Amino acid sequence: NAGVTQTPKFRVLKTGQSMTLLCAQDMNHEYMYWYRQDPGMGLRLIHYSVGEGTTAKGEVPDGYNVSRLKKQNFLLGLESAAPSQTSVYFCASSYQDLGQLVPRYFGAGTRLSVL
Amino acid sequence: GDSVTQMEGPVTLSEEAFLTINCTYTATGYPSLFWYVQYPGEGLQLLLKATKADDKGSNKGFEATYRKETTSFHLEKGSVQVSDSAVYFCALSDRTYSSNTGKLIFGQGTTLQVKP
């Protein structure tokens, strides 16, 4: 049982480059989330999805786009990377929980540096 | 701002010992409280949660009670096993009365090592 898998684990980008982070879960969960973790700021929600084909903005969505074409996958895109997007990114998933956004399983994280 | 403080580790116990990991928080609004666990080589996973004062979350023999008067959410287990060795994170959700941003604020984590 793989749980939540994130790829890649590490990446270095130059300012203005684009990339896509992939998150895959094999638990048939409805909800999926993308967080970023920065020192002293906890985990902040970027975007989330409550089902295939649906996405919504979280607390810090600017500069990111997401897609949920298949239930098991949630992609996070950076169209034009900026140094402020240097962070550790975590994907998470959960089943429905009375409408609450409560991530249950996290991936191992992607460390991104933008130079 | 909102914050979570956990007891420093590592915590080393013998099998079948009683476990307490302290967690206190500061928050405005009406936060939900969580304990997450990270087993070696794996990602975080939710262990238990409580959404309002006096709620008790429980799972896999672990319990924690949401104490608003002491702003605490201590994790307890009556008899630990070697398989409980992991890092435990207390967290709160920045939740107002009418919305849930999904933001999670984590404590620094407490490492538990259980010896046979």
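Every number here is computed from the coordinates shown, using simple stated rules; none is lab data. None of the values given here were measured: they were computed from a predicted structure. So basically every Cβ, Gly included, is an ideal-geometry build from the backbone, and we count neighbours across all protein chains shown.
Tell me, what HN-Hα J-couplings in whole Hz come from the Karplus equation 6.51 cos²θ - 1.76 cosθ + 1.60 at θ = phi - 60° for each residue of the range A:86-94, using x for Gly and Pro?
Using θ = phi - 60°, the values come out as 5, 5, 10, 10, 10, 9, 8, 9, 6 Hz.
What FRET efficiency comes out for the pair B:Asn59/A:Asn65, r = Cβ-Cβ distance, R0 = 35 Å, nearest 0.05? The partial results should precede the final answer.
Values: r = 35 Å, r/R0 = 1.01.
E(calc), rounded to 0.05, equals 0.50.
Could you tell me the calculated FRET efficiency between B:Thr20 and A:Ser84, based on Cβ-Cβ distance and R0 = 45 angstrom, to the nearest 0.05?
Working: r = 40 Å, r/R0 = 0.89.
For B:Thr20 and A:Ser84, the calculated efficiency is 0.65.
Of the beta bridges DSSP finds with both residues in the protein assembly as shown, what % are antiparallel, to the nearest 5?
Numbers: 70 of 78 bridges.
Of those bridges, close to 90 percent are antiparallel.
Could you pull the Cα extents of the range A:9-88 along its three principal axes, largest to smallest, in whole Å?
Principal axes ranked by extent give 34, 26, 22 Å for the Cα atoms.
Can you sort B:Leu33, A:Leu43, B:Leu112 from fewest to most other Cβ atoms within 10 Å of each residue's own Cβ? Mind showing how you got there, number by number?
Working: B:Leu33 27, A:Leu43 24, B:Leu112 20.
Least to most surrounded, the residues fall as B:Leu112, A:Leu43, B:Leu33.
Let's test the formula: R0 of 35 Å, r as the Cβ-Cβ distance of B:Gln113 and A:Asn73. What FRET efficiency results, to the nearest 0.05?
Numbers: r = 36 Å, r/R0 = 1.03.
Approximately 0.45, to the nearest 0.05.
Kindly list the residues of the range A:50-75 that lie in the label zone of A:Thr5, defined by a backbone N under 14 Å from the point 7 Å along the Cα-to-C-beta vector.
Once the point is set 7 Å along Cα→Cβ of A:Thr5, A:72-74 turn out to lie under 14 Å by backbone N, inside the range A:50-75.
Using C-alpha positions alone, give me the convex hull volume of the range B:1-73 per residue in cubic angstrom. Mind dumping the intermediate values first?
On the way: hull volume 8.6 nm³, N = 73.
Normalising the Cα hull of the range B:1-73 by residue number yields 118 Å³.
About its Cα centre, how strong a charge dipole does the range B:43-96 have in debye, to the nearest 20, once Lys and Arg get +1 and Asp and Glu get -1 at the Cβ? Display every interim value, and only then the final one.
Values: 8 positive and 7 negative charges, 23 e Å.
Roughly 120 debye for the range B:43-96.
What order do you get for B:Tyr66, A:Tyr89 when you list them from fewest to most C-beta neighbours inside 10 Å?
B:Tyr66, A:Tyr89
Round to a whole angstrom and tell me the spacing of the C-alpha centers of the range B:59-97 and the range A:11-31.
Comparing the Cα centres of the range B:59-97 and the range A:11-31, I get a distance of 30 Å.
Order of B:His74, A:His47 from fewest to most other C-beta atoms within 10 Å?
Numbers: B:His74 18, A:His47 23.
Taking fewest neighbouring Cβ atoms as first place, the list is B:His74, A:His47.
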